[in-house]
1. Quickly run through the stretch 271-280 and pick out the residues that are out of contact with any strand residue (DSSP E or B) (no Cβ under 8 Å at 6 or more places or on another chain) and within 16 Å of Val137 (Cβ to Cβ).
2. Go over the candidates Thr35, Thr47 one by one and state the one that is in contact with a Ser or Thr (Cβ under 6 Å, 6 or more places away or on another chain) and under 21 Å from Phe157 (Cβ atoms).
3. From the list Leu131, Leu136, Leu103, exactly one residue is without any contact (Cβ under 8 Å) to a residue 60 or more places away in the chain, under 14 Å from Ile43 (Cβ atoms) and either among the hydroxyl-bearing types (Ser, Thr, Tyr) or not assigned by TED's automatic domain parsing to the domain that holds Ala276 (or both). Which is it?
4. Kindly indicate whether Ala130 is within 23 Å of Phe72 (Cα to Cα) and assigned to a helix (DSSP H, G or I).
5. Only one residue in Ala184, Ala209, Ala156 is closer than 18 Å to Arg290 by Cα and in a helix (DSSP H, G or I). Which one?
6. Can you tell me which residue within the stretch 247-292, out of those that are of a type in the set (A, V, I, L, M, F, W, C) and outside any helix (DSSP H, G or I), is nearest to the chain's Cα centre (by Cα)?
7. Identify all residues within the stretch 18-49 that are assigned to a helix (DSSP H, G or I) and either touching a helix residue (DSSP H, G or I) at 6+ places or on another chain (Cβ under 8 Å) or not hydrophobic (A, V, I, L, M, F, W, C) (or both); write none if there are none.
8. When the residues of the stretch 149-171 are narrowed to those that are within 14 Å of the chain's Cα centre (by Cα), touching a residue at least 40 places away in the same chain (Cβ under 8 Å) and buried (at least 16 other Cβ atoms within 10 Å of the Cβ), which ends up farthest from Gly8 (Cα to Cα)?
Amino acid sequence: METPIANGTVRDIDGVQRVYYDGYWIKTYDPPADTLQAKKALIGALTRRLFNHVEHGINIPGRRVGEARAAFESEVDPARKRVMGAMLAGALFNRATDIFTKLVELQEQGVEIDQDNALMRECGDCLQEALTLGKLVLHRSGDEGIDELWGEPFRAFSIPVESFYESRYIKIAQTLRDIDRIAAVMISVFSGCPLFDDIAEHIRHFATAAKIKCETLRTDHAIFAVWADFVVASETLGACAPRITPTSPKEALQFASEGQRLLCEGRDLVTYITRARVPMPKSTREFIARCEAFGALCRDHLHGTPAALPLP
């Protein structure tokens with residue numbers, strides 16, 4: 001029997017250094033030095049990344065934390081309170097980034113900053129509260145939040161930079177796993193429906209491009225080819241059309257319409273988690289359930305059992 005590969009194992013594979021986590025060999029990058037300057041750059045990048053993926057309107061300046069908190073605490077309508085809580089989370093997030101930026105600027109002027117500094121504690125408190133309130137924030141798709149994005153700056157703040165990089169590889173492995181799960185269920189379902197039975201190769205190609213994009217940093221020289229391949233694979237999959245004609249039965253047209261919608265939903269979901277580089281478990285779970293329901297109706301239809309259209 002082969003000896004299992006331990007998580008964290010590093011190898012050179014085809015000239016690329018990769019690290020193994022949970023069944024995946026992931027491209028690695030050298031972490032920066034563990035300095036306040038490095039943490040400033042890292043937290044700044046994580047802040048921009050967070051606001052790029054969450055719902056609009058919550059990127060509130062840190063100087064407005066007091067206003068955001070007063071609005072949140074005085075609101076009684078649950079729906080409005082969720083939104084105001086999201087806005088407070090954004091303000092706290094920006095406050096922490098502001099504090100850390102100023103601390104680094106002081107350090108650059110020769111001022112020694114230790115971990116027990118009052119402003120360092122304030123920075124950590126802001127990130128911790130933002131992490132808690134981040135559960136109220138939705139992804140831009142509107143379907144669920146991405147708690148992991150709120151936790152990353154706090155981890156970057158509280159642990160060595162090298163340890164933070166290692167934790168990211170674990171999340172990337174989980175993301176790659178979910179890309180494979182989504183692709184597998186799409187291939188299984190659509191291959192069983194004669195309207196879409198030639199689409200499997202396009203799904204595989206898209207999933208492969210998505211996984212390569214997920215492990216590739218934007219600073220990598222390969223990003224130009226990687227991003228172009230991913231976008232083209234996405235566009236190609238979205239352009240795949242079911243096998244129907246103007247004379248196709250009404251039932252077939254209904255299957256084709258639902259299948260096309262499901263296909264685009266799967267492509268969009270893979271795109272969301274690929275760009276965020278973290279799993280979206282609720283969205284993935286619900287999409288797989290919709291795929292399985294569509295597949296069951298296809299099987300019933302193919303075996304002559306009346307299908308309950310329109311589909312859910």
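1. The one that is out of contact with any strand residue (DSSP E or B) (no Cβ under 8 Å at 6 or more places or on another chain) and within 16 Å of Val137 (Cβ to Cβ): Val278.
2. Thr47 is the lone residue from the list that is in contact with a Ser or Thr (Cβ under 6 Å, 6 or more places away or on another chain) and under 21 Å from Phe157 (Cβ atoms).
3. Answer to the check: Leu131.
4. yes
5. Ala184 is the lone residue from the list that is closer than 18 Å to Arg290 by Cα and in a helix (DSSP H, G or I).
6. For the stretch 247-292, the residue satisfying everything is Val278.
7. The answer is Leu36, Gln37, Ala38, Lys39, Lys40, Leu42, Ile43, Gly44, Leu46, Thr47, Arg48, Arg49.
8. Restricting to residues being within 14 Å of the chain's Cα centre (by Cα), touching a residue at least 40 places away in the same chain (Cβ under 8 Å) and buried (at least 16 other Cβ atoms within 10 Å of the Cβ), the top hit is Trp150.
The values are calculated or read from the model by the stated rules, or taken from the named source; none is laboratory data. Remember, it's a predicted structure, so these values are computed and weren't measured experimentally. Counting neighbours? That spans all protein chains shown, and the Cβs are built from the backbone with ideal geometry, glycine included.
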